[in-house]
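The values are calculated or read from the model by the stated rules, or taken from the named source; none is laboratory data. Being a predicted model, the structure only gives us computed values, none of them experimental. Positions of Cβ are generated from backbone atoms using ideal geometry, with glycine treated the same way; all protein chains shown enter the neighbour counts. Side chains included, ligands, DNA and RNA excluded: accessible areas come from the protein's heavy atoms. Shrake-Rupley method; radii C 1.70, N 1.55, O 1.52, S 1.80 Å.
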Amino acid sequence: MTFALEPERIIRLDADRVVMLDQRRLPDEEVELACRSAAEVADAIRSMAVRGAPAIGIAAAYGYALAVERGEDPAEASALLEAARPTAANLAWALREVRAAPDPMARARELHVEEVDRCRQMSSHAASLLAPGTRALTHCNTGGLATGGQGTALGALREAWARGLLQHVLVDETRPLLQGARLTAWELEAEGIPHTVVADSAAGSLLARGEVHCVLVGADRIAANGDTANKIGTYPLAVVAARHQVPFFVVAPTSTIDPETATGAEIPIEERDPGEVNARFPALNPAFDVTPAELITAIVTERGVHRPPYAETLPREVAA
């Protein structure tokens, strides 16, 4: 299977800068953003120029490596980067990896290569769950833009399309920043995969009418018991899928699993600027919600398909 968006196009580490495709400008413009310090990388993560749990882990690793290379204070650089998006487990994990490495720049590059490989493996495992003629629904963006590789849930849909299993993808808008309508649709269009953007609030009625055969989403943090934090709007989607007996699959690398967090109740939920929702009136803007493990049909990682009870079946260590 080919993948049109090369990993280095999404994010890369040059000698004196971290360069990323600015996701705030898509789909209207394809513009690269160059960051020359850990603070600039942290700002890019915070402002969602780069987003998606695996991709921000890669960005943080590159930002830390660049800071060390430039002679910045390593502890300060690490703290700045880790605070940028507190919910995503991959970010803290990637920083631990590069802090422990004798050569942070080499390790950061290795992490990107490893994440690309994890994407390939989990996409293959997850695609095997789909039947011919599948109409799938997905939420947020879980493709190359979110991972630096071919994607998690969207990578699985790419693989299913290549195998002749996928008929159509229904793409939630994903409010308030429209990662689905802007980014997922852009990636699907680039590869010629049939898709339709739907209002977030329309997903329930589509499930009720039998127009969705399965739901595939990514994850920002998976607790030890399988409770999963993902983009806000995922939890109600899981509830409706369960109501209509539609399989609900979470696709994420082992770097997203946090065995130190026992349940979803302990996952920190990022609160973003209310102005993203409403610039005039008071607003709440949680970036994520938590889907209880009992609503998840299977969690797919690069190690395979994991089914309940997740406390027993989920991997405890990141695959090398």
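Numbers below:
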quantity: Residue-averaged [θ]222 nm for the chain, counting only DSSP H segments that reach four residues, each worth -39500 (n - 2.57); calculated: -10500 deg cm²/dmol
quantity: Contact order normalised by residue count of the chain, Cα under 8 Å, 6+ apart, percent; calculated: 16 percent
quantity: Solvent-accessible area per residue, Å², over the chain with all protein chains present [probe radius 1.4 Å]; calculated: 39 Å²
quantity: For segment 216-320, the fraction of alpha-carbon pairs in successive 5 Å shells from zero, as %; calculated: 2, 14, 23, 22, 16, 11, 6, 4, 1, 0
quantity: Segment 1-147, relative contact order [Cα under 8 Å, separation at least 6], %; calculated: 24 percent
quantity: At q = 0.31 Å⁻¹, base-10 log of I(q)/I(0) for segment 65-114 (Debye sum, equal scatterers on each alpha carbon); calculated: -1.28
quantity: Solvent-accessible area, 1.4 Å probe, carbon plus sulfur percent, for the chain; calculated: 51 percent
quantity: Under 5 Å, built H, 5+ apart or other chain: amide partners of residue 142; calculated: 154
quantity: For segment 271-320 and segment 28-103, distance of Cα centres in Å; calculated: 21 Å
quantity: Long-range amide H partners of residue 290 with built H, under 5 Å; calculated: none
quantity: GluC sites (Glu not before Pro), loop per DSSP, at most 12 other Cβ atoms within 10 Å - longest free stretch of the chain; calculated: 31-259
quantity: Dipole axis of the chain (+1 Lys, Arg; -1 Asp, Glu on Cβ), positive-most option in 208, 53, 10; calculated: 208
quantity: Among beta bridges that DSSP assigns inside the chain, antiparallel share in %, nearest 5; calculated: 45 percent
quantity: Zero-based 20 Å bins, Cα pair distances in the chain, whole percents; calculated: 36, 59, 5
quantity: From phi via Karplus (6.51, -1.76, 1.60), per-residue ³J(HN,Hα) for segment 195-210 in Hz, x at Gly/Pro; calculated: 7, 9, 7, 10, 4, 3, 6, 8, 4, x, 5, 5, 5, 5, 7, x
quantity: Surface/4 estimate of mean projected area, convex hull on alpha-carbon atoms of segment 128-279, nm²; calculated: 9.3 nm²
quantity: Amide H within-cut-off set for residue 221, under 5 Å, with H built and near neighbours excluded; calculated: 89, 229
